[in-house]
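Below: one structure, written as structure tokens.
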Amino acid sequence: MTTHLPGPFSLVPFVSVDDMMKLVIDIGVEQMLSELADEIETDFRRWELFDKTPRVAAHSEQGVIELMPTSDGEAYGFKYVNGHPGNTHSGRQTVTAFGVLADVANGYPLLLSEMTLLTALRTAATSAMVAKHLMPKGAKTMAMIGNGAQSEFQSLAFKAVCGITRVQMYDIDAKATAKAVKNLNDSGLEVVACKTPEEAVQGAEIITTCTADKQYATILSDNMVGSGVHINAIGGDCPGKTELHRDILLRSDIFVEFPEQTRIEGEIQQLDPDHPVTEMWQVINGQAAGRTSDRQITLFDSVGFATEDFSALRYVREQLKTRPYFTNLDLLADPDDPRDLFGMVMRKQAKMAAE
Ligand code: NAD
């Protein structure tokens, strides 16, 4: 089935939540996670090309609203995203998002998309792509602490990209764990519900923390982390919101996306501002060491960076060339004479009066 995206002068393709679900189902969730991981890795390889800035955050007592812009000089993308840990109590998502991709040459939007699902997919794809470079060889078991909206995506990305076969799940809310276990029932993963975080990390070579709480939390304490593991820390992504005890950070080699943003938002906000960290793009390009020993603790201090959303938006737009999961939005004024914007309104008025 071939569809044609609208030309730059007319309509803007819009991917709704319903369209995104159809896209995920059509491609297959694991296939899409793998392809997204490849896209994100490709853009990490050309890291230096991108315009990079820490995201612009508006904090409140309840949460944060953020704008995440970047550009590779040809396309420009931004995401609007919130993080409100109390939202699930009123039936809302902790994280929702939408984003835009635009043509740098003329500034016209090329795509408007929901990004709540796409954020879960790209976050999981990024985590797994990074783990592929850092995890101990042959890792098969992951502890998944925090079994909310992101957790199934994380588990499936680690299966598809890293080859894990078993997930040990824990959440302070047993209902969240039961939901995740049920959702992953037919995934081909061996999924185990755990009663304590200690039980979840037992025997796991990879530990993912993905909880939501607007405080300095201690999801993992030092004695829970044995040598040689890879920690994928997702939930500490805001000033005043962390998941790991500081002592774990001091025992780990820490890998980050964009240090300027991670020092504000990540686990490393607990450390001195000059504490050494390694940028993931350098590991991926072979310019910095990743895992160098079996006993080393590697920590991906993930906060989510704009290039990952950019890669995901470009991937989605590419898919729309052959998959019809969008509607065309009348988002841009297109007067016959570009300078006659007012005349366009007058012509509309005359037409409405004649009807
Ligand atoms: P969610 O609210 O759907 O799920 C969070 C889960 O954490 C809930 O089930 C909650 O019960 C559990 N939890 C809270 N405290 C806990 C504790 N002490 N021990 C165990 N479980 C606990 O949220 P979500 O959408 O899954 O997001 C999770 C976190 O990931 C959020 O903090 C969000 O900001 C962050 N996030 C990060 C990125 C990134 O790129 N790094 C991207 C998306 C989301």
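Within the range 196-217, being open to solvent by less than 70 Å² (accessible area, probe 1.4 Å), touching a Phe, Trp or Tyr at 6+ places or on another chain (Cβ under 8 Å) and of a type outside the set (Val, Ile, Thr) holds for Pro197, Ala200.
Of the residues making up the range 321-355, those that are over 17 Å from Pro109 (Cβ atoms) and without any contact (Cβ under 8 Å) to a residue 60 or more places away in the chain number 20. I'm trying to understand the selection: among the residues of the range 85-106, which are in contact with a strand residue (DSSP E or B) (Cβ under 7 Å, 6 or more places away or on another chain), in a loop (DSSP other than H, G, I, E, B) and modelled with pLDDT of 95 or more? Residues satisfying the conditions are Thr96, Val104.
Can you find even one residue in the range 302-319 that is closer than 17 Å to Leu118 by Cα, of a type in the set (D, E, K, R) and in contact with a Gly (Cβ under 9 Å, 6 or more places away or on another chain)? Yes, some residue in the range 302-319 is closer than 17 Å to Leu118 by Cα, of a type in the set (D, E, K, R) and in contact with a Gly (Cβ under 9 Å, 6 or more places away or on another chain). The residues listed here are Ile145, Ile172; of these, the one that is closer than 20 Å to Thr218 by Cα and crowded, with 24+ Cβ neighbours inside 10 Å is Ile145.
Using the structure shown, decide if Glu152 is open to solvent by 10 Å² or more (accessible area, probe 1.4 Å), within 30 Å of Glu205 (Cβ to Cβ) and either at pLDDT 95 or above or more than 9 Å from the ligand (Cβ to nearest atom) (or both).
Values: open to solvent by 10 Å² or more (accessible area, probe 1.4 Å): yes; within 30 Å of Glu205 (Cβ to Cβ): yes; either at pLDDT 95 or above or more than 9 Å from the ligand (Cβ to nearest atom) (or both): yes.
Criteria met by Glu152.
Under the condition of being closer than 16 Å to His230 by Cα and open to solvent by 40 Å² or more (accessible area, probe 1.4 Å), the residues counted in the range 280-330 number 6.
Out of everything in the range 50-84 that is outside any strand (DSSP E or B) and within 14 Å of Cys238 (Cβ to Cβ), what residue ends up being least open to solvent (accessible area, probe 1.4 Å)?
Here is the first cut: in the range 50-84, the ones outside any strand (DSSP E or B) are 50, 52-55, 60-63, 72-74, 84.
Next, only the ones that are within 14 Å of Cys238 (Cβ to Cβ) stay: 54-55, 60-63, 84.
Numbers: Pro54: 41, Arg55: 26, Ser60: 52, Glu61: 170, Gln62: 116, Gly63: 1, His84: 33 Å².
For the range 50-84, the residue satisfying everything is Gly63.
Checked against (1) open to solvent by less than 50 Å² (accessible area, probe 1.4 Å); (2) in a helix (DSSP H, G or I); (3) within 9 Å of the ligand (Cβ to nearest atom), Lys179 meets all criteria but (1).
Filtering the range 186-216 to residues that are within 21 Å of the chain's Cα centre (by Cα) and of a type in the set (A, V, I, L, M) leaves Ile206, Ile207, Ala212. Here the condition is being within 12 Å of the ligand (Cβ to nearest atom), in contact with a helix residue (DSSP H, G or I) (Cβ under 7 Å, 6 or more places away or on another chain), open to solvent by less than 20 Å² (accessible area, probe 1.4 Å) and not polar (S, T, N, Q); of Leu111, Leu101, Leu121, it holds for Leu121 alone.
Selection over the range 182-220 of residues that are small (Gly, Ala, Ser), touching a Ser or Thr at 6+ places or on another chain (Cβ under 8 Å) and near the ligand (Cβ under 10 Å from one of its atoms) gives a count of 2. Residues in the range 331-345 that are in a loop (DSSP other than H, G, I, E, B) and either at pLDDT 95 or above or open to solvent by 80 Å² or more (accessible area, probe 1.4 Å) (or both): Leu331, Asp334, Asp336, Pro338, Arg339, Asp340.
Can you find, within the range 171-185, the residue that is nearest to Leu156 (Cα to Cα) among those that are charged (D, E, K, R) and over 22 Å from the mean Cα position of the chain (by Cα)?
First, pick out the residues of the range 171-185 that are charged (D, E, K, R): 171, 173, 175, 179, 182.
Narrowing the set further to residues that are over 22 Å from the mean Cα position of the chain (by Cα) leaves 173, 175, 182.
On the way: Asp173: 21, Lys175: 20, Lys182: 14 Å.
Going through the qualifying residues, I end up with Lys182.
Within the range 294-324, if we keep just the residues that are within 16 Å of the ligand (Cβ to nearest atom) and assigned to a helix (DSSP H, G or I), the residue that is nearest to Met135 (Cα to Cα) turns out to be Glu308.
The values are calculated or read from the model by the stated rules, or taken from the named source; none is laboratory data. The structure displayed is predicted, hence computed values, not measured ones. For neighbour counting, all protein chains shown are included, and Cβ atoms are generated from backbone atoms with ideal geometry for every residue, glycine included. Accessible surface areas use protein heavy atoms only, side chains included; no ligands, DNA or RNA. Shrake-Rupley method; radii C 1.70, N 1.55, O 1.52, S 1.80 Å.
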